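Peer 1: Got a structure for you, written out below as structure tokens; questions coming shortly.
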Number of protein chains: 2
Amino acid sequence: MATIYEVSELAGVSLATVSRVMNGNTRVSEAKRTKVLAAMKELNYRPNSIAQSLASNCTNSVGLLVSELYGPFFGEMMSGVEGELRAAGKHVIVAAGHSDEASEKDAIEFLISRKCDALILHVDAVSDEYLLDLNKKGTPVVVINRYVEGLGESCICLNNELGGYLATKAVLEMGHRQIAYVSGPMWKMDVRERLAGHKRALKEFGCEVPDSLYIEGDFHEEGGVAAMQQLLKQKQPFTAVVCANDEMACGVMNCARDNDLDVPSDVSVMGFDNVIMSRYTFPHLTTIDFPSGEMGRMAANWVRHHIYEDKKKPLNTLFEPTLVLRDSLRKIA
Amino acid sequence: MATIYEVSELAGVSLATVSRVMNGNTRVSEAKRTKVLAAMKELNYRPNSIAQSLASNCTNSVGLLVSELYGPFFGEMMSGVEGELRAAGKHVIVAAGHSDEASEKDAIEFLISRKCDALILHVDAVSDEYLLDLNKKGTPVVVINRYVEGLGESCICLNNELGGYLATKAVLEMGHRQIAYVSGPMWKMDVRERLAGHKRALKEFGCEVPDSLYIEGDFHEEGGVAAMQQLLKQKQPFTAVVCANDEMACGVMNCARDNDLDVPSDVSVMGFDNVIMSRYTFPHLTTIDFPSGEMGRMAANWVRHHIYEDKKKPLNTLFEPTLVLRDSLRKIA
DNA sequence: TGCTTAAATGTAAGCGCTTTCACAAAGTGT
DNA sequence: ACACTTTGTGAAAGCGCTTACATTTAAGCA
């Protein structure tokens, strides 16, 4: 691999000049620029980006930490981040945090050790203080789907409370009053927000629901199945079940069917996230759209603007969820 | 951030000694090692991995190129790669190739420019020659789900032909003889292999199928829907449809239902890949397991052994698909 | 004790870039 | 013509490490 030195030699200029034409931030005479470019082409020169990083103290890489690399939710987010960042010539280094505090911290340390210029984090186990501290210590951080007081505009959030509200409101407007709710793990912030929205809608419609219709799920299909089984075992009647995500809604629908209940004739089901899969289920799932790809793209843009381009132009960091009506919700008689 | 120099100063040793205790490949006296370790801890020293990379000509990072970052198939693969590689302290840089030749080449260039120690590729648009050339020019490459003559053991493959065979054999054994086939894009190697397996099974059972029952799909749900629509529009009867992947099988099932056909009473459906989603569909999809996570892990291990540990121990690079029986396939009367 | 050999450590030369600084060349305005 | 900017360029000092080589120290043995 040719080095900058060989290029400078062939072009008959100094190292500095070659570097200048590469970076394009200083003026170079047309004559030398042409020579350098020709020499580069002839030698098939590619700058060594590691050397560039060391000298410039900028690695052109950003770390992306998600809970899991699989799963439709993160897939779209990652896709958004990667697309935007690569278009800007930045590398993205991925890591999985597995929703576990030690693992998340470990992953963050790992990304920092690679000197990422910034970190895009979707974490739920780590504390707000930890994130704040991280940022204070000089690692630019943007957090997805979580609001951290003090991190300000670098939190790319969905209004989860509103999502929860919209979901349940839609169910209520269809006439349902006996509404079961399958939440995610309650230690997660977004789970509590969605639940809060649910309760707000209930209150608004003057609807009271017994505690036994609240089940804490695990965000997985299995959890949905388990929740539905428990719900069915109880005598407490219900005509609809609102789920805190689509996977669990899937489980609920499958379990309903296994118990000879038709969705939506016998039970209506509401999801959350609008994961790709929800379009393919039977019946097609009515859900709340979580624009994860869009948010990933926005996170990437935040990094581009704030870290690489220094244009502190304001970005949209609060996204609004929307209702996606499909077939799993039906008006009650 | 403290540098190695400050550590050496504080510990009262030379730079080289500090470097030695870090790398642990040369003997250092216990006394000095202890001092150095203490100094490191006191200064909260973290080696600058960029500088290490430049000096050692090893970046400890491997590039991972997949067609798309979303989608269950790649998700599991990536997850396997990341898990294994991070455990070994290696960074994974991801990129998406979008099954487009220019885009794939671009992504590969991009990863090389970051001086990845090796590349793990899931590509389908780029030619064998290109990959061979890449490898010859000094970029260690491991290819997933594709066999490239000359790359030998660094191809992590699934026996797609066998998968295609198993799928169709299972359908035939259920008594079906009028079997439609929805393939993926025929320019993809694995698509042709799966089809070859399909035809072998057909031949083995002495079953002849008219051309009109072969439809070229796009590997997406929409393609499955379109294929099924076309099949239904034709007068040519069929009792089962074998699909080259699960997404399309989903589309086929949805389309069947929209036309008041019950799966599997009226039509049986067979998938391929055993994507997570296939467990959640209704009916649960009978399919062929593609151990993508396992293959990702194997690719990562190949890199670990061949690039970082230089133990050329043989690895399992040819995976066998297996049949996963669920509910979308039924014995014909 | 003196000599040989091995082990531990330090010195210094890179790795391939960026960037500051100094300086020469070429314009400007008066 | 002069002093005074402006513009283009090169020399050289890093960036924070690794590692070949030189040097010192310790150990082994006759």
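Peer 1: Under unit Cβ charges (Lys, Arg +1; Asp, Glu -1), what dipole magnitude, rounded to 20 debye, does region A:4-47 have relative to its Cα centre?
Peer 2: 180
Peer 1: Please give the FRET efficiency for B:Arg46 paired with B:His284, using the beta carbon to beta carbon distance and R0 = 51 Å, rounded to the nearest 0.05.
Peer 2: Given R0 = 51 Å and the Cβ-Cβ separation, E is 0.55.
Peer 1: Follow-up question, since we're still on this one. In nm, to one decimal, how far is the B:His220 label point from the A:Ala88 one, both placed 7 Å along Cα→Cβ?
Peer 2: Each label point is offset 7 Å from its Cα along the Cβ direction, giving 2.7 nm.
Peer 1: OK, next. When a/c reaches 1.5 or more, the comparison of a/b and b/c decides; with that in mind, is region B:16-119 rounded, prolate or oblate per its Cα gyration tensor?
Peer 2: It is prolate, given that a/c is not under 1.5 and a/b is the larger ratio.
Peer 1: In square angstrom and rounded to 100, what buried accessible area do you get between chains B and A, total over both, with the probe at 1.4 Å?
Peer 2: Summing both sides, the interface buries roughly 4300 Å².
Peer 1: Continuing with this model, one more query. Pick from A:Asp190, A:Asp258, A:Asp106: which residue has the top mean-square fluctuation in a GNM of chain A where Cα pairs under 10 Å get a spring?
Peer 2: A:Asp258
Peer 1: Hey, any idea what % of region B:190-311's accessible area is carbon plus sulfur with a 1.4 Å probe?
Peer 2: C and S atoms contribute 46 percent here.
Peer 1: In chain A, if the dipole is taken from +1 on Lys/Arg beta carbons and -1 on Asp/Glu beta carbons about the Cα centre, which of A:Val303, A:His220, A:Thr17 is farthest to the positive end?
Peer 2: With unit charges placed on the Cβ atoms, the residue in question is A:Thr17.
Peer 1: Please list, or write none, the aspartates and glutamates whose alpha carbon is within less than 17 Å of the alpha carbon of A:Lys41, excluding same-chain residues fewer than 8 places away.
Peer 2: The reachable aspartates and glutamates, counting only those whose Cα sits under 17 Å from A:Lys41, are A:Glu6, A:Glu9, A:Glu30, B:Glu109.
Peer 1: Additional query: Quick check on chain A: of the DSSP beta bridges with both residues there, what percent are antiparallel, nearest 5%?
Peer 2: That works out to approximately 10 percent antiparallel.
Peer 1: So, in Å, what gap is there between the alpha-carbon centers of region B:25-83 and region B:247-273?
Peer 2: 47
Peer 1: Percent relative contact order of chain B, based on C-alpha pairs within less than 8 angstrom and at least six residues apart?
Peer 2: Reported relative contact order: 17 percent.
Peer 1: Now for a separate question. Assuming a viscosity of 1.306 mPa s and a temperature of 10 °C, what translational diffusion coefficient in µm² per second does Stokes-Einstein assign to region A:160-290, Rh being the Kirkwood radius over Cα pairs?
Peer 2: Answer from the Stokes-Einstein relation: 113 µm²/s.
Peer 1: Quick one: if you stick a label point 7 Å off each Cα along the C-beta vector at A:Ala31 and B:Asp211, how many nm between them?
Peer 2: Taking the simple label geometry, A:Ala31 and B:Asp211 are separated by 6.8 nm.
Peer 1: Given the DSSP H assignment, sum -39500 (n - 2.57) over each helix run of at least 4 residues in chain B and divide by its residue total; what's the result at 222 nm in deg cm²/dmol, nearest 500?
Peer 2: -13500 deg cm²/dmol, from helical runs alone.
Peer 1: Using mean Cβ contacts within 10 Å as the protection proxy, how do B:321-331, B:286-296, B:22-32 order, highest first?
Peer 2: With the highest mean Cβ count within 10 Å placed first, the list reads B:286-296, B:321-331, B:22-32.
Peer 1: Still on this model: Can you give the mean number of other chain Cβ atoms that lie within 10 Å of the Cβ atoms in peptide A:95-101?
Peer 2: Whole-number average of other-chain Cβ neighbours for A:95-101 is 2.
Peer 1: Under a Cβ-only charge scheme (Lys and Arg +1, Asp and Glu -1), can you give me the dipole magnitude of the protein assembly as shown about the Cα centre, in debye to the nearest 20?
Peer 2: Taking the Cα centre of the protein assembly as shown as origin, the dipole is about 1740 debye.
Peer 1: Mind checking A:276-284 for the average number of partner chain beta-carbons within 10 Å of each residue's beta-carbon?
Peer 2: 6
Peer 1: Then there is this: Output the pairs from A:Lys90/A:Lys136; A:Lys188/B:Lys90; A:Lys35/B:Lys90; A:Lys32/B:Lys115 with a Cα-Cα distance over 32 Å in this structure; if there are none, say none.
Peer 2: From A:Lys90/A:Lys136; A:Lys188/B:Lys90; A:Lys35/B:Lys90; A:Lys32/B:Lys115, over 32 Å: A:Lys35/B:Lys90.
Peer 1: So, for chain A, what is the accessible surface per residue at a probe of 1.4 Å, expressed in square angstrom?
Peer 2: Result: 42 Å² per residue.
Peer 1: Then there is this: Excluding ligands and nucleic acids, what accessible area in Å² is computed for B:Phe282 using a 1.4 Å probe, to the nearest 10?
Peer 2: Roll a 1.4 Å probe over it and B:Phe282 shows about 70 Å².
Peer 1: Let me ask another. Please give every one of the aspartates and glutamates within straight-line cross-link reach of B:Lys203, meaning a C-alpha to C-alpha distance under 18 Å, and leave out same-chain neighbours fewer than 8 residues apart.
Peer 2: B:Glu161, B:Glu173, B:Glu193, B:Asp211
Peer 1: Right, another one. Count the DSSP beta bridges whose two residues both fall in the protein assembly as shown, then state the antiparallel fraction as a percent rounded to the nearest 5.
Peer 2: About 15 percent, rounded to the nearest 5.
Peer 1: Kirkwood hydrodynamic radius for chain A: how many Å is it when counted over pairs of different Cα atoms?
Peer 2: In chain A this quantity evaluates to 22.3 Å.
Peer 1: If you don't mind, there's one more thing I want to ask. Taking a label point 7 Å out from Cα toward Cβ, give me the nm distances from A:Glu173 to the same spot in the other copies, shortest first, one decimal.
Peer 2: Relative to the other copies, A:Glu173 has label-point distances of 5.2 nm.
Peer 1: What is the local net charge at A:Gly206, summed over the other residues whose Cβ is closer than 15 Å to its Cβ (Lys, Arg +1; Asp, Glu -1)?
Peer 2: Cβ neighbours under 15 Å give a net charge of +2.
Peer 1: Hey, another quick one. So what's the net charge close to A:Met189: Lys and Arg +1, Asp and Glu -1, counting the other residues with Cβ under 13 Å from its Cβ?
Peer 2: Net local charge, A:Met189 excluded: -2.
Peer 1: Could you please report the charge total around B:Ser79, scoring K, R as +1 and D, E as -1 over all other residues with beta-carbon less than 12 angstrom from its beta-carbon?
Peer 2: -3
Peer 1: Rounded to a whole number of µm²/s, how large is the Stokes-Einstein D of the protein assembly as shown at 20 °C and 1.002 mPa s, given Rh as the Kirkwood radius over C-alpha pairs?
Peer 2: My calculation gives 78 µm²/s for D.
Peer 1: Taking a spot 7 Å from the Cα of B:Asn57 along the direction of its beta carbon, which residues of region B:102-141 have an amide N less than 17 Å from it?
Peer 2: Counting only backbone N, you get B:113-118, B:136-140.
Peer 1: Is the C-alpha gyration tensor of region A:1-66 telling us rounded, prolate or oblate? Criteria: a/c under 1.5 is rounded; beyond that, a/b larger than b/c is prolate, otherwise oblate.
Peer 2: Since a/c reaches 1.5 and a/b is larger than b/c, the shape of region A:1-66 is classed as prolate.
Peer 1: Now for a separate question. Rounded to the nearest 20 debye, what is the charge dipole size of chain B about its Cα centre when +1 sits on each Lys and Arg Cβ and -1 on each Asp and Glu Cβ?
Peer 2: Using only the charged Cβ atoms, the result is roughly 1380 debye.
The values are calculated or read from the model by the stated rules, or taken from the named source; none is laboratory data. Here the structure is a predicted model, which is why all the values come from computation and not from measurement. FYI the Cβ positions are ideal-geometry reconstructions off the backbone, even for glycines, and counts take in every protein chain you see. In case anyone asks, the SASA skips ligands and DNA or RNA and just uses the protein heavy atoms, side chains included. Shrake-Rupley method; radii C 1.70, N 1.55, O 1.52, S 1.80 Å.
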